[in-house]
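These notes are about the structure you will find just below.
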Amino acid sequence: MSSRSWRRIIVGIIFLILTIFYTFLFLKHASVTNELIFNIAHIKSLSNIFISPINFDYWGHTGSLINFYSPWLTILPGLLFLNQNVIIGFVFIFALVTYLTFTSSYYYMKKFSNDTLEALLFAVIYTLSFNRFLLVFDEQRIENYLVLIFLPMVYYGAFQIFNGKFQDWLTLALGMTLIIWTNPYMALAVTLTLLPILPLMIFSKLSHNWTYWWKTLLSLIKAGSVTGLLTVGYWGPLLENQWSKKILQQSRPQFDYWTWFSKEVLAKNNWYLVLTLAILLGLVLIMVFLKSSFSYKIMILESCVLATLLIVRPQLAFDVSRLMFAMITILDLFFIVILIRVVLLLFQEGPSILQLLILLLAIGSFGYLTYSQANQLQPRNKIEFTQKVDYKNLVVNYHDRASDSKNHFLIDGHSSQVQFNTKGNEYWLQYYNPKSVAMDIPIQKYAGYKVTVNNEQPKIAHSKRQTLLLKTDPNKNIIEIHAHYTVLAVISLLINLFSFIGLGYIYFSNKWKMKKKIVAES
């Protein structure tokens, strides 16, 4: 067996041990919060996402449109692991996400830097970072730490293009596709960090010819076009629905870094000490800036800008709180890359045993920090495999006015309880009244409904509650509501599907042709 194969096996074992360690800490110290319940309910509600974005079994049976606004990349592990014991299944998903974060960060940093030690250090620190710890144990929204798998992939692909390796545009496209299907705000934040790189490339020797600019722009256009085609199944239906509803997400509370710094640091230390540390940090950054390649220099410059934005917190005419939250994760990635660069510049001339000690020190230090942080948590409701939670009864007021009705029907304007049944994207009820009445059904309006009363399609209106309003027939009524994608949404999904098939065919055809060419030449 070659040394390369042995290295892969050893790295894989290290990541597996760290994954088991991290998963054990999550099981022992994480709380079963509303966010964790939301994660599981969300994954389970995606079971019919290929048929309809509406699942009447969940979110208070109100036909919530939450799946329009939340990408559904989590469906595959959800279908695989959550069909039996829900908690065990979610723990498997968590462990898989953690292992893939280790693997992806190592793989793309190894390709970026061509340095095994740098790749290992990055994978360990990135996955065991304090930011990811907060996302996992505090925030507990799976899309916020699932997206960490794809960030190294995107920045690797982008920097390859800017460094003149234009054939890697597909890596950027696939990375952005996976991020959009996971966390659209992160995709927007990543785009905002990539745009300034183009003008900065003027200061690179690579860009001092027109061919470079033409190939770079062409690669970015190809990456953007392919990304659009591979994600149209998400943003197409979302824009169609948003066009008529104008839904605005609630803003996230923003952490005031300057107030925290003033209270926790300036209040306890002398201004001169803080100023001295700031000067030393500036000198270190200047040293790294001068001795590093252009890609690292860009990361340093953008880190300074991102840190300033998080401290200043600019007030704009529109809400940017979720965007700023995504920027924190990007700043964390850049900071880790710069930190590792400082360490390697200081010890790059050292022997192999020193490099091994640095790696062991990093694993031990960050492993211990994660362990100590987890031990400080006091979970009120610990995770147990035998926990019974009715995930279908979880109600999230995702700008859904129908959820306020508590499943109360309005019969000629008067509140009434009516028995109904649901199954996935189907909702039906029986109602008897000797006269025709106006029935306000507590289901949020959506253009993709097919409604029948006694197998006839009635005229549908929208009530003041923004719910469905229809006229019943005298005597017995069998009312059926089926939720499907609209025509435009179906077209978007078909384009998305054929784009994936076409891209896969082109990719594997090129691989096969290259393989045949190598065999023929040999």
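Odds and ends about this structure:
- Whole-Hz ³J(HN,Hα) from phi, Karplus 6.51 cos²θ - 1.76 cosθ + 1.60, for region 439-451, glycine and proline x: 9, 9, 8, x, 10, 4, 5, 7, 5, x, 7, 10, 10
- Heavy-atom accessible area ranking, 1.4 Å probe, most first, across Asp412, Asp400: Asp412, Asp400
- Averaging the Cα positions of each part gives two centres, and for region 106-133 and region 302-347 these lie 17 Å apart.
- Helix-only mean residue ellipticity at 222 nm for the chain, each DSSP H run of n ≥ 4 adding -39500 (n - 2.57), per residue, nearest 500: -19500 deg cm²/dmol
- Taking the average, over residues, of other Cβ atoms within 10 Å as the packing measure, peptides 439-449, 363-373 rank 439-449, 363-373 from highest down.
- Folded to 0 to 90 degrees: helix 34-45 orientation relative to the chain principal axis, Cα: 70 degrees
- Cα centroid separation, region 85-104 to region 274-298 (Å): 37 Å
- Cα-centre dipole for the chain with unit charges at Cβ (Lys and Arg positive, Asp and Glu negative), debye to 20: 800 debye
- Options [x] 39, 26, 22; [y] 47, 28, 24; [z] 36, 32, 22 - which one matches semi-axes √(5λ) of the Cα gyration tensor in Å as calculated here: [y]
- Sorted on the mean count of surrounding Cβ atoms within 10 Å across their residues, most packed first, peptides 102-114, 199-211 read 102-114, 199-211.
- Applying the Kirkwood pairwise sum to the alpha-carbon positions of region 351-464 produces a hydrodynamic radius of 20.1 angstrom.
- Between Thr116 and Leu200, the modelled labels are 3.1 nm apart [label points 7 Å from Cα along Cα→Cβ].
- 3J(HN,Hα) couplings calculated from phi for region 429-437 with the Karplus curve 6.51 cos²θ - 1.76 cosθ + 1.60 (θ = phi - 60°) are, in sequence order, 8, 10, 9, 10, 7, x, 10, 6, 10 Hz; Gly and Pro show x.
- Accessible area expressed per residue, region 401-485, with surrounding protein chains retained (probe 1.4 Å, Å²): 56 Å²
- Taking only protein heavy atoms and a 1.4 Å probe, the accessible area of the chain is 65% carbon and sulfur.
- Taking the C-alpha atoms only, the angle from helix 352-375 to the longest principal axis of the chain is near 30 degrees.
- Cα-based helix-to-principal-axis angle, 3-29 vs the chain, degrees rounded to 10: 50 degrees
- Against the empirical 2.2 N^0.38 Å (N residues), region 401-485 has a Cα radius of gyration ratio of 0.99.
- A protection proxy built from the mean count of other Cβ atoms within 10 Å ranks the segments 56-69, 17-30, most packed first, as 56-69, 17-30.
- In sequence order, calculated HN-Hα J values of region 150-164 (Karplus, 6.51, -1.76, 1.60; Hz; x Gly/Pro): 9, 4, x, 4, 5, 5, 4, x, 5, 5, 5, 4, 5, 8, x
- Greater than 21 Å apart at Cα, pairs in Lys165/Lys205; Lys110/Lys165; Lys110/Lys215; Lys445/Lys476; Lys44/Lys459: Lys110/Lys215; Lys445/Lys476; Lys44/Lys459
- Taking the centroid of alpha carbons for each part, region 445-510 and region 357-412 are 32 Å apart.
The values are calculated or read from the model by the stated rules, or taken from the named source; none is laboratory data. Values in this document were obtained by computation on a predicted structure and should not be read as measured data. FYI the Cβ positions are ideal-geometry reconstructions off the backbone, even for glycines, and counts take in every protein chain you see. Just so you know, the surface numbers come from the protein's heavy atoms only, side chains and all, with ligands and any DNA or RNA stripped out. Shrake-Rupley method; radii C 1.70, N 1.55, O 1.52, S 1.80 Å.
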